[in-house]
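Everything on this sheet refers to the single structure shown next.
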Amino acid sequence: MVETAEAAEPAGDVAGEAEDSGTDDTEGAQAAPKDAEESEEGEEGDVDPLDEEGDIAADYLEELLDIADLDGDIDTYVEAGRAHVSIVTDSQTLVGKDGKVLEALQELSRLAVMTEAGHRSRLMLDIAGYREVRRKELLILATEAIASVKESGEPEHLAPMNPFERKIIHDAVAAAGLSSESEGVEPRRHVVISA
């Protein structure tokens, strides 16, 4: 079952996604009703590329759930300039240890979008609320590391993390007025926080 929800806040960092109304205001008043009709039809037929990404990924994941005989509802939405797909389930099977299966499924979903839509996707996948729980854990970790750096003045090296996790740390550090950078090579890439 695929449900689509619109995000309450508009995406602020997406370039090149302004809508083209397709109308020409220079034509006479008699042509206006026809133009308005064409414009309305065009708007109905136009699909937001991010909504399309979510739908493609949701279809792909729904087939995967069917093949694997796993239960789960799929929700899609757009937030912060990204398509998001969430598999609502009680099972951790598709999350895997440290979210490894989730990361792999996200990459496969992005490939499915790229194959069908013809462009790269920044789609985010969450399964069983794993990412939200992890986000809260990382914010606590970031707060503790920021306090340590402020107190000692010494840089703090965190454990290796995936790009999603590093971004959460970088954002928290920037909000606290400190600086951070990623060092190392995947899969050992980690964040270093400094004053």
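The values are calculated or read from the model by the stated rules, or taken from the named source; none is laboratory data. Here the structure is a predicted model, which means the values were calculated and not measured. As a convention, Cβ positions derive from the backbone with ideal geometry for all residues, glycine included, and neighbour counts pool all protein chains shown. These area figures cover heavy atoms from the full protein model, side chains too; ligands, DNA and RNA do not enter into them. Shrake-Rupley method; radii C 1.70, N 1.55, O 1.52, S 1.80 Å.
Quick notes on this structure:
- Rel. contact order, % - alpha carbon contacts under 8 angstrom, at least six apart, segment 55-113: 34
- For peptides 172-185, 70-83, sequence by mean Cβ density within 10 Å, most packed first: 70-83, 172-185
- For segment 95-195, the calculated P(r), taken from all Cα-Cα distances in 5 Å bins from zero up to the bin holding the longest distance, is 2, 12, 20, 19, 17, 13, 8, 5, 2, 1, 0 percent.
- Its Cα centre serving as origin, segment 114-195 has a Cβ charge dipole (Lys and Arg +1, Asp and Glu -1) of approximately 260 debye.
- Taken as Cα centroids, segment 43-121 and segment 126-148 sit 22 Å apart, rounded to the nearest whole angstrom.
- Placing +1 on each Lys and Arg Cβ and -1 on each Asp and Glu Cβ, with no other charges, gives segment 41-144 a dipole about its Cα centre of roughly 940 debye.
- Normalised per residue, the accessible area of segment 65-195 is 57 Å², obtained with a 1.4 Å probe and no contribution from ligands, DNA or RNA.
- Extreme residue, positive dipole direction of segment 41-163, given options 93, 117, 146 (C-beta unit charges): 146
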